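The next block holds one structure in the form of structure tokens; read it before the comments.
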Amino acid sequence: MIDGFETKVIETLNKDDLKATKYYGELINPKSFQYNQQDLPIIFVDYIGDKPVDTLRKDYKFNLYIAHISYSVNKKTRKQKHQEIYSLLKDIDERLALESFNGSEPIKIGKTEKIYDALTKDGYLTVYKREFTAILDN
């Protein structure tokens with residue numbers, strides 16, 4: 001059930017040239033983040049945990065990590081990259097908010113926070129974390 005739900009989320013995010021994939025710890029150390037430039041910005045989908053709602057259902061919690069790199073020290077270019085991320089966050093909401101996959105109740109979008117914004121060996125990396133939950137049958 002959870003695998004099918006997560007797969008549907010990734011498929012929905014991947015429409016129209018967005019890049020989404022399962023998270024396997026790629027951002028544990030952001031300074032050494034390995035990526036393909038053509039895949040940026042990239043959205044990682046991460047299952048965090050669940051809690052029982054009743055004997056038949058659980059409330060599953062996920063994080064999305066949205067990563068983008070600006071290769072320029074020019075503030076105007078960096079600002080443009082940040083605006084692209086803001087548009088992407090809005091697009092994610094439009095794709096996922098209130099959607100149902102694999103018999104889930106509608107997805108509830110939670111808070112968003114910037115968790116990284118610093119110079120790396122390749123450029124200025126910005127990472128946002130967006131939370132969402134969905135209730136699924138056990």
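The values are calculated or read from the model by the stated rules, or taken from the named source; none is laboratory data. Keep in mind it's a predicted model, so treat the numbers as computed, not measured. Glycine gets a Cβ as well: all are built from the backbone with ideal geometry, and neighbour counts include every protein chain shown. Accessible surface areas use protein heavy atoms only, side chains included; no ligands, DNA or RNA. Shrake-Rupley method; radii C 1.70, N 1.55, O 1.52, S 1.80 Å.
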Open item on the list: At R0 = 25 Å, how high is the FRET efficiency between Ala118 and Asn138 if r is their beta carbon distance? Nearest 0.05 is fine.
Closed with: 0.05
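Are there trypsin sites (Lys or Arg not before Pro) in segment 81-138 that DSSP puts in a loop and that have at most 11 other Cβ atoms within 10 Å, and which ones?
Lys121
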Open item on the list: Give me the one-decimal nm value for the distance between modelled label points at Glu94 and Val73, 7 Å along each residue's Cα-to-Cβ direction.
Closed with: 3.7 nm
- [ ] With just the Cα atoms of segment 31-126, tell me how far they stretch along each of the three principal axes, in Å, largest first.
- [x] 54, 26, 22
Task: Share of carbon and sulfur in the accessible heavy-atom surface of the chain [1.4 Å probe, %] - done: 49 percent
Task: Gain upon complete extension [Lys108, Thr21; 0.36 nm per residue less C-alpha separation] - done: 29.3 nm
Open item on the list: Taking 25 Å as the cut-off for C-alpha to C-alpha distance, list the pairs among Lys22/Lys75; Lys79/Lys108; Lys15/Lys108; Lys19/Lys61; Lys79/Lys129; Lys76/Lys111 that go past it.
Closed with: Lys22/Lys75; Lys79/Lys108; Lys76/Lys111
